[in-house]
Amino acid sequence: MSDDHYVYVLSCADGSLYTGYTTDPERRVAEHDAGEGAKYTRGRTPVELVHVERFDSRSAAMSREHEIKSLSRSAKERLVEGTTDSSAGRPDSSRGRPDSSAGRPDSR
């Protein structure tokens with residue numbers, strides 16, 4: 001099993017955003033696209049991976065997933081665009097690292 005843990009944000013075909021946790025972002029996005037991912041994304045394919053953060057522990061990743069899910073839609077959009085202006089919407093070195101290899105839905 002991977003030592004890395006990831007929180008990811010998907011942009012769904014209907015314009016909504018979905019946040020989730022995984023140990024393998026590439027595999028997980030493929031599952032979502034194949035209709036084998038979260039129930040929420042099954043009718044909203046195709047999905048696009050728009051943000052990924054990597055963590056060293058499952059606990060840290062799950063905490064960050066909860067934090068992102070608690071953000072407003074506009075704050076999530078700023079996170080995805082990389083223009084967050086508060087520590088709640090931006091990882092720091094103690095929590096996670098954005099992954100350049102690049103759940104809860106938002107309403108529009």
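Tabulated results
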| read-out | value |
| --- | --- |
| Where a residue in the range 53-75 is over 13 Å from G20 (Cβ atoms) and at pLDDT 95 or above and its partner, wherever it lies, is assigned to a helix (DSSP H, G or I) and of a type outside the set (A, V, I, L, M, F, W, C), with Cβ under 8 Å and at least six apart | F55/R64; L71/G89; A75/G89 |
| Where a residue in the range 31-45 is surrounded by 15 or more Cβ atoms within 10 Å (Cβ to Cβ) and its partner, wherever it lies, is among the acidic types (D, E), with Cβ under 6 Å and at least six apart | G37/E31; R44/D14; T45/D33 |
| Verdict on E26 being in contact with a Ser or Thr (Cβ under 9 Å, 6 or more places away or on another chain) and under 13 Å from C12 (Cα atoms) | no |
| Residue check, E81 under 14 Å from the mean Cα position of the chain (by Cα), modelled with pLDDT of 95 or more and acidic (D, E) | no |
| The range 1-22 - residue that is within 12 Å of the chain's Cα centre (by Cα) and over 20 Å from R73 (Cα atoms) and, of those, surrounded by the most Cβ atoms within 10 Å (Cβ to Cβ) | Y6 |
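The values are calculated or read from the model by the stated rules, or taken from the named source; none is laboratory data. Here the structure is a predicted model, which is why all the values come from computation and not from measurement. So basically every Cβ, Gly included, is an ideal-geometry build from the backbone, and we count neighbours across all protein chains shown.
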